[in-house]
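Below: the structure, in structure tokens.
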Amino acid sequence: MPRYIAFLRAINVGGHTVTMADLRRHFEALGHQQVETFIASGNVLFDSARKPATLEREIETALEAALGYAVATFIRTPAEVAAIAAYQPFGQGAVEKGQTLYITLLKASPDAAAQKRVLALRNAVDDFHFHGREFYWLRRGGHDSTKFSGGQFERLIKASATARNQNTFVRLAAKHG
């Protein structure tokens, strides 16, 4: 049976608190097997015979009913997570101390016009790169050094997304890739 990783938006941020035990129970109630969570930011590993697009819809519907708010869900395989972790959008060793690389998951690659709107915001602090269904954001400096945000990104591409630090993907790939 295929193994998947669900990346959930709005888990344990913005006042939406969900225990990992509850999250595992929700996934098990959907019939998924070998369910485990990875850090408390909405990353769930599980086995399922269903297709990723079907899984995304089913999980979103079930979690909205259980939690009372929409939870956009982005499914990737362990091989896809390993490829995301290994990808170097800004060149080998480009992320220096004091910088952060965020990887944002999308359901589909944004169209050229949406990508152009985002890429037009590049500056000395923020650099951006699209690659398939992922968006890479290199932020030079702390949170207060940028005006760019995930909400702004979603408005520009007109779609939901969820972001994680590169370290999350590296750790997931090392453990499950």
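The values are calculated or read from the model by the stated rules, or taken from the named source; none is laboratory data. Because the structure is predicted, anything quoted here is derived from the model rather than measured. Cβ atoms come from the backbone with ideal geometry, glycine included; neighbour counts cover every protein chain shown.
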Hey, can you tell me all the residues within segment 78-94 that are out of contact with any Lys or Arg (no Cβ under 7 Å at 6 or more places or on another chain) and of a type outside the set (A, V, I, L, M, F, W, C)?
Glu80, Tyr87, Gln88, Pro89, Gly91, Gln92, Gly93
When (1) at pLDDT below 95; (2) farther than 18 Å from Arg133 by Cβ are applied to Thr61, the one that fails is (1)
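For segment 58-177, please list each of the strands (runs of 3 or more DSSP E) lying entirely inside it that holds at least 1 residues being of a type in the set (D, E, K, R).
Working: elements: 73-76, 99-105, 126-131, 134-140, 162-165.
Once the strands (runs of 3 or more DSSP E) in segment 58-177 are filtered for at least 1 residues that are of a type in the set (D, E, K, R), what remains is 73-76, 126-131, 134-140, 162-165.
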Which number in (1) surrounded by fewer than 18 Cβ atoms within 10 Å (Cβ to Cβ); (2) of a type outside the set (Phe, Trp, Tyr); (3) touching a strand residue (DSSP E or B) at 6+ places or on another chain (Cβ under 7 Å) marks the one condition that Lys116 misses?
(3)
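Quick check: is even one residue across segment 108-131 of a type outside the set (Gly, Ala, Ser), under 28 Å from Asp47 (Cα atoms) and not assigned by TED's automatic domain parsing to the domain that holds Arg50? Outline the logic, then answer.
Taking segment 108-131 as the starting set, the residues that turn out to be of a type outside the set (Gly, Ala, Ser) are 110-111, 115-119, 121-123, 125-131.
Then keep just the ones that are under 28 Å from Asp47 (Cα atoms); that gives 131.
If we keep only those that are not assigned by TED's automatic domain parsing to the domain that holds Arg50 too, we end up with 131.
There is at least one residue in segment 108-131 that is of a type outside the set (Gly, Ala, Ser), under 28 Å from Asp47 (Cα atoms) and not assigned by TED's automatic domain parsing to the domain that holds Arg50.
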Which listed residue, of Phe46, Phe90, is of a type in the set (Phe, Trp, Tyr), modelled with pLDDT under 95 and at negative phi
Phe90
Options Val95, Val81: the member that is buried (at least 16 other Cβ atoms within 10 Å of the Cβ), over 20 Å from Pro52 (Cβ atoms) and in contact with a strand residue (DSSP E or B) (Cβ under 7 Å, 6 or more places away or on another chain)
Val95
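Can you tell me which residue in segment 119-138 is surrounded by the fewest Cβ atoms within 10 Å (Cβ to Cβ), limited to those that are of a type outside the set (A, V, I, L, M, F, W, C) and farther than 25 Å from Ile75 by Cα? Working first, answer last.
Of all residues in segment 119-138, those of a type outside the set (A, V, I, L, M, F, W, C) come to 122-123, 126-127, 129, 131-134, 136.
Now drop any that are not farther than 25 Å from Ile75 by Cα, which leaves 122-123, 126-127.
Details: Arg122: 13, Asn123: 11, Asp126: 17, Asp127: 18.
Per the criteria, the residue is Asn123.
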